[in-house]
Amino acid sequence: MIDSSVPSVVRRRRKLPQIRKLTLLAALRSQIWLMSRTSPDTAAARLADLFTTPPRPSVRHWEHRAMTQAQYSRRRFGNFGFLSVYRWRPDNAAPKGKVLVMHGFGGRASQLSGFAEALVAVGYEVVGFDAPGHGKSPKGHAALPDFVDALEMFAAQEGPFDTVIGHSMGGAALATALRLGMAAQRAVLIAPPVYPGTYLAQAGRMLGATEKVTGRAQALIEAQYGRAFDEFRTPLNASVLSQKALILHDRSDRQVPLAEGQLVAAAWRDADLEVTEGLGHTRILRDPGTVALVQKFLMQTA
């Protein structure tokens, strides 16, 4: 049913970007489908390129408001160059601990700014950064190994942390970094994916690539980074961690199914799983109930 209260010209403007996206996706699918059958190596290279190119969606109004409270700086992260760093601190008081927030693929630190506001209110300092190729950091390719490397560099400068909070691929990166020795007392993973190969295969099917092409694309990415996808299996990494953890996942998440969060929670020896309803993959980050659960977790396990 069309909302007659919205002028038709506004409705048309809203539809146009979506129509353009669908048209571009259809053209790209035709391209990949044809290349997969005529030039599989070229198709694999194209798929690998697409899989490691993060989208950069526009910042929402609620993010702008929260980010006005953050101290912004640009800091050098080794070969990544300068990345955007954010810090929230309590007023006129020494913080009781430091919390790191890590966004997911195609995200930005501002998406987790609601947690920063709530945790600063109870005395914590909160820090985060826009990963390579994301947010206000320079454009470029990025993949899970880049997230992990950037986290390790940041932890060397800012750690240890009281708590680390990661969304989606940011949660998978945190589990890997913790397994590699990053110091933190607690962890909160929100909608953590289990295995990057699952999502590459999903992208390949959506774009019409053959299984052979998708396998070659994975081999290209692994060769580029010198790290196998198997190193980033979140349940396997979680199984060796001793930190107290909270896993948050929404039942209606269409990007990362609830079953994946359940697998991570089951593998983590000291983890609680909280399942939300009707928040999907990103609304969960700004829901007051979710924020309250994280705040409660920190207060009860301090």
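The values are calculated or read from the model by the stated rules, or taken from the named source; none is laboratory data. The structure displayed is predicted, hence computed values, not measured ones. Ideal geometry is used to build each Cβ from the backbone, glycine not excepted, and the neighbour counts take in all protein chains shown.
Residues considered: Gly261, Gly280, Gly226. Of these, the only one that is within 19 Å of the chain's Cα centre (by Cα) and at positive phi is Gly280. Here Pro132 meets each of (1) in contact with a helix residue (DSSP H, G or I) (Cβ under 9 Å, 6 or more places away or on another chain); (2) within 26 Å of Pro90 (Cβ to Cβ); (3) not acidic (Asp, Glu) with one exception, condition (2).
In segment 262-302, the qualifying residues are those that are among the small types (Gly, Ala, Ser) and assigned to a helix (DSSP H, G or I), and the one that is surrounded by the most Cβ atoms within 10 Å (Cβ to Cβ) is Ala265. With the structure loaded, tell me whether Ser73 is among the hydroxyl-bearing types (Ser, Thr, Tyr) and over 16 Å from the mean Cα position of the chain (by Cα) or whether it fails that test. Against the criterion (among the hydroxyl-bearing types (Ser, Thr, Tyr) and over 16 Å from the mean Cα position of the chain (by Cα)), Ser73 qualifies. Scanning segment 185-198 for residues that are within 15 Å of Phe51 (Cα to Cα), buried (at least 17 other Cβ atoms within 10 Å of the Cβ) and not small (Gly, Ala, Ser) gives Tyr195, Pro196.
No other residue among Gly166, Gly114, Gly171, Gly107 is part of a strand (DSSP E or B) and closer than 18 Å to Leu189 by Cα apart from Gly166.
For segment 252-272, does any single residue satisfy the condition of being touching an Asp or Glu at 6+ places or on another chain (Cβ under 8 Å) and among the acidic types (Asp, Glu)? Checking segment 252-272: not a single residue is touching an Asp or Glu at 6+ places or on another chain (Cβ under 8 Å) and among the acidic types (Asp, Glu). Annotation: of all residues in segment 223-242 being in a loop (DSSP other than H, G, I, E, B) and in contact with a helix residue (DSSP H, G or I) (Cβ under 7 Å, 6 or more places away or on another chain), the one that is surrounded by the most Cβ atoms within 10 Å (Cβ to Cβ) is Leu241.
Take the conditions (1) under 22 Å from Pro132 (Cβ atoms); (2) touching a residue at least 12 places away in the same chain (Cβ under 8 Å); (3) surrounded by fewer than 18 Cβ atoms within 10 Å (Cβ to Cβ); (4) over 15 Å from the mean Cα position of the chain (by Cα); Gly181 misses just one of them, which is (2). So for segment 123-133 (the condition being touching a strand residue (DSSP E or B) at 6+ places or on another chain (Cβ under 9 Å), modelled with pLDDT of 95 or more and part of a helix (DSSP H, G or I)), does at least one residue qualify? Within segment 123-133, none of the residues are touching a strand residue (DSSP E or B) at 6+ places or on another chain (Cβ under 9 Å), modelled with pLDDT of 95 or more and part of a helix (DSSP H, G or I).
Can you find even one residue in segment 205-221 that is out of contact with any helix residue (DSSP H, G or I) (no Cβ under 7 Å at 6 or more places or on another chain), under 24 Å from Gly133 (Cα atoms), free of Cβ contacts under 8 Å to residues at least 60 places away in the same chain and among the basic types (Lys, Arg)? Checking segment 205-221: not a single residue is out of contact with any helix residue (DSSP H, G or I) (no Cβ under 7 Å at 6 or more places or on another chain), under 24 Å from Gly133 (Cα atoms), free of Cβ contacts under 8 Å to residues at least 60 places away in the same chain and among the basic types (Lys, Arg).
With respect to the conditions (1) out of contact with any helix residue (DSSP H, G or I) (no Cβ under 9 Å at 6 or more places or on another chain); (2) at pLDDT 95 or above; (3) under 27 Å from Trp88 (Cα atoms); (4) surrounded by fewer than 23 Cβ atoms within 10 Å (Cβ to Cβ), Ser168 falls short on a single one, namely (4). Looking across segment 54-94, the residues that are crowded, with 16+ Cβ neighbours inside 10 Å and at pLDDT 90 or above come down to Pro54, Ala70, Phe77, Phe80, Leu83, Ser84, Val85, Tyr86, Arg87, Trp88, Arg89, Pro90. Kindly list, by first and then second residue, each pair from a residue in segment 231-243 that is over 15 Å from Gly261 (Cβ atoms) to a residue that is among the basic types (Lys, Arg) and in a helix (DSSP H, G or I), limited to pairs with Cβ atoms under 7 Å and residues at least 6 apart or on different chains. Every condition considered, the pairs that remain are Val240/Arg179; Leu241/Arg179.
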